[in-house]
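The values are calculated or read from the model by the stated rules, or taken from the named source; none is laboratory data. Keep in mind it's a predicted model, so treat the numbers as computed, not measured. In this analysis, Cβ positions are derived from the backbone assuming ideal geometry, glycine residues included, and neighbour counts consider all displayed protein chains. Ligands, DNA and RNA are excluded from the accessible area calculation, which covers all protein heavy atoms including side chains. Shrake-Rupley method; radii C 1.70, N 1.55, O 1.52, S 1.80 Å.
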Amino acid sequence: AILAVASKVFAVHRDPRVEAIIQALPGANCGACGFPGCSGYAEAAVKAGVAPAVCPPGGSDVAEKVADILGSEVGEVTPKVAVVHCAGGKSNAIRRLEYEGIHDCRAAVLVGGSTKACVFGCLSLGTCKAVCPFDAVELDEEGIVRIDVKKCTGCGNCVDACPVNIIELASVDMKVHVRCSSHDKGKKAKSVCAVACISCQLCVKKCPSDAIHMEDDLAVIDYSKCTNCGICAAVCPTGAIIDDIKARPKAVIGSKCEGLGKCVEVCPVKAITGEQGERHEIDRAKCIGCGLCLEACPTKSIGMVGALGHQRDRD
């Protein structure tokens, strides 16, 4: 009887909206929202007015449900996915030792650092895979971490677990990434990994959007400026920059061409040739589909053909 009375007297009354939000959330308890689990976020949303659009696994659907419960606006939902800045596998990166301890990247770092000659690279022990609650991380036969963007929710667990900090979250719309984390200078970086950034700065010079720069001998993409043109990936001599758009449209010059040469001037891969005043031609084998010629053509005689879904809008 005393316990029954005490349970009523000291009962903590929870706002019913908290329970409703918990039911609406995916229940992953991944902490990507910045709160300790789904219940922590639900409490913060009701009591502190935290925005509905903070649950990466739930996406826009969950954001709309939470907004309905709170009677507020959804706000902008920007899906993110994990990006691994290392492509050094067994066949292209030199190993300096064999690790036989606990199969965990964090343990390996404490014992002797990277097993590769590149001390900045992925340890390939799969700690990121172990902490992923959505089975979005895989290790291929080369020991390279692959992210399944269809499964990745951007929860950030892999980012927090990686002891060498080679994983970050980026908008799912971003398709061009630097797959290297080495801060060694060119010759030294290339001597230990065939796909390392060698600080040549070709990507910096060719980028039309000023979206890529060097930080301590490593190319870094500013995703807020990047337009996914793919030029940096096309000119990178080692393949350290990867373009995930596998099929791009190709430029085609129409009969309206007056041979003004503006397209020749802006083409970063020298795929356009022609005499002044005559119709120019495009080498489709060289064309990377960046679209710079399309934008530069004053007569609007250039179009993009193929790879539907990646064609740029034009006036």
> Has region 164-173 got at least one residue that is within 21 Å of Ala196 (Cα to Cα), more than 19 Å from the chain's Cα centre (by Cα), of a type outside the set (A, V, I, L, M, F, W, C) and not in a strand (DSSP E or B)?
Replying inline: no
>> Every residue in region 232-291 that is crowded, with 20+ Cβ neighbours inside 10 Å, over 30 Å from Ala82 (Cβ atoms) and not aliphatic (A, V, I, L, M), please.
In response: Cys263, Cys267, His280, Cys287
> Which residue pairs have Cβ atoms under 9 Å apart, sit 6 or more places apart or on different chains, and have a first residue in region 198-219 that is farther than 22 Å from Leu292 by Cα and a second that is of a type in the set (Lys, Arg) and part of a helix (DSSP H, G or I)?
Replying inline: Ile198/Lys187; Ile198/Lys190
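Residues checked against (1) modelled with pLDDT under 90; (2) touching a strand residue (DSSP E or B) at 6+ places or on another chain (Cβ under 9 Å); (3) under 27 Å from Lys175 (Cα atoms):
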| site | (1), (2), (3) |
| --- | --- |
| Lys246 | yes, no, yes |
| Val252 | no, yes, yes |
| Glu258 | no, no, no |
| Val264 | no, yes, yes |
| Val269 | no, no, yes |
| Gly274 | no, yes, no |
| Cys297 | no, yes, yes |
| Ile302 | no, yes, yes |
>> Of everything in region 97-112, what is modelled with pLDDT of 85 or more and not aliphatic (A, V, I, L, M)? Give them in sequence order.
In response: His103, Asp104, Cys105, Arg106
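Looking at the structure I just gave you, is Cys290 under 30 Å from Gly88 (Cα atoms), in contact with a Pro (Cβ under 8 Å, 6 or more places away or on another chain) and in contact (Cβ under 8 Å) with a residue 60 or more places away in the chain?
yes
Taking region 237-253, which residues are part of a loop (DSSP other than H, G, I, E, B), touching a residue at least 40 places away in the same chain (Cβ under 8 Å) and within 18 Å of Leu218 (Cβ to Cβ)?
So the first thing to find is which residues in region 237-253 are part of a loop (DSSP other than H, G, I, E, B), and the list is 237-240, 244-249.
With the extra rule that they be touching a residue at least 40 places away in the same chain (Cβ under 8 Å), the set shrinks to 238-240, 244-245, 247-249.
Passing the criteria: Thr238, Gly239, Ala240.
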>> The conditions are (1) in contact with a Leu (Cβ under 9 Å, 6 or more places away or on another chain); (2) touching a residue at least 12 places away in the same chain (Cβ under 8 Å), and Pro133 fails exactly one of them. Which is it?
In response: (1)
>> I'd like the residue in region 119-167 that is surrounded by 16 or more Cβ atoms within 10 Å (Cβ to Cβ) and small (Gly, Ala, Ser) and, out of all such residues, is farthest from Gly34 (Cα to Cα).
In response: Gly143
> So which of Gly34, Gly88 is under 30 Å from His177 (Cβ atoms), in a loop (DSSP other than H, G, I, E, B) and at pLDDT 90 or above?
Replying inline: Gly88
> Mind checking whether some residue in region 206-215 is among the aliphatic types (A, V, I, L, M), within 17 Å of Phe120 (Cβ to Cβ) and buried (at least 22 other Cβ atoms within 10 Å of the Cβ)?
Replying inline: no
> What residue, among those in region 196-205 that are assigned to a loop (DSSP other than H, G, I, E, B) and open to solvent by 30 Å² or more (accessible area, probe 1.4 Å), is farthest from Thr238 (Cα to Cα)?
Replying inline: Gln201
>> Looking only at region 47-85, how many residues end up being part of a loop (DSSP other than H, G, I, E, B) and open to solvent by less than 20 Å² (accessible area, probe 1.4 Å)?
In response: 2
